[in-house]
C-alpha cells in the first residue's frame, strides 16, 4: 500500500524545515493536528527530548509507533514499528520555482486482515491528518506561529475510523484485564 500527498507551498525549503523538525514534539511548533490526535516523541533518559537521534528516537500518534531513521534537510524518514504494519513514512522537500513541493509518503506491506483494518479504521484518518498538517504548516508559514486549533473539518469517514479505533482499543483493554 502506498499513499502519497503533495502540496505546493510558496515558502522555501529552508522556511519549512524547522516546522518539520518540530513534528512529533506536541509543542506549540508541532504541525501535526495534535489537538485532535495525540502525538509524542521519546528519547532515552539524558538525551535531549526534542532531538532527532537516528535509530533511537521513537515517535507516534494514535495506535502507531515509529522509529526515526534519517533527516538530511530534504528527506525525513521514520520506520513503522506497529506490529502488522511493515514499512515507512516520511516527508520530502523539493525546491520549485514558486517555493517548495512538500510530499508525504506512507508505504506499508499489509496482510489481508491488516489491509481491511487499514481501510475501515485508518485510511480516512490518515488522509485527513496529512492534509490538516499541510494546512497547519501553511498557516504557520504565513503568520510565524503554528495554529493551536486545527480548522480542517473531520470528514465522516475519518470520524467513523476514529470511533472504530477507540472501540477496538477498549475491547483490547477489556480482553487484557480478563486474560
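The values are calculated or read from the model by the stated rules, or taken from the named source; none is laboratory data. All of these numbers come straight from a predicted model, not from anything done at the bench. Quick reminder, even Gly has a Cβ in these numbers, built from the backbone with ideal geometry, and neighbours come from all protein chains shown.
Worth pointing out:
- Selection of segment 1-14 for residues being farther than 26 Å from residue 123 by Cβ and surrounded by fewer than 16 Cβ atoms within 10 Å (Cβ to Cβ) yields 10, 12, 14.
- Number of positions in segment 38-63 that are in contact with a helix residue (DSSP H, G or I) (Cβ under 8 Å, 6 or more places away or on another chain) and surrounded by fewer than 17 Cβ atoms within 10 Å (Cβ to Cβ): 1
- Checking residue 68 against (1) crowded, with 17+ Cβ neighbours inside 10 Å; (2) touching a strand residue (DSSP E or B) at 6+ places or on another chain (Cβ under 6 Å); (3) touching a residue at least 24 places away in the same chain (Cβ under 8 Å); (4) farther than 21 Å from residue 35 by Cβ, the condition it does not meet: (3)
- Residue that is nearest to the chain's Cα centre (by Cα), among those in segment 1-25 that are farther than 13 Å from residue 134 by Cβ, part of a helix (DSSP H, G or I) and touching a residue at least 40 places away in the same chain (Cβ under 8 Å): 21
- Enumeration of residues in segment 82-121 that are touching a helix residue (DSSP H, G or I) at 6+ places or on another chain (Cβ under 6 Å) and either free of Cβ contacts under 8 Å to residues at least 12 places away in the same chain or crowded, with 19+ Cβ neighbours inside 10 Å (or both): 91, 93, 100, 104, 121
- Residue within segment 123-137 that is farther than 21 Å from residue 39 by Cβ and either crowded, with 19+ Cβ neighbours inside 10 Å or without any contact (Cβ under 8 Å) to a residue 40 or more places away in the chain (or both) present: no
- When residue 115 is tested against the conditions (1) within 25 Å of residue 31 (Cα to Cα); (2) at pLDDT 90 or above, the lone failure is (1).
- Matching residues in segment 140-158 - criterion: being over 20 Å from residue 124 (Cα atoms), touching a helix residue (DSSP H, G or I) at 6+ places or on another chain (Cβ under 7 Å) and in a loop (DSSP other than H, G, I, E, B): 146, 147
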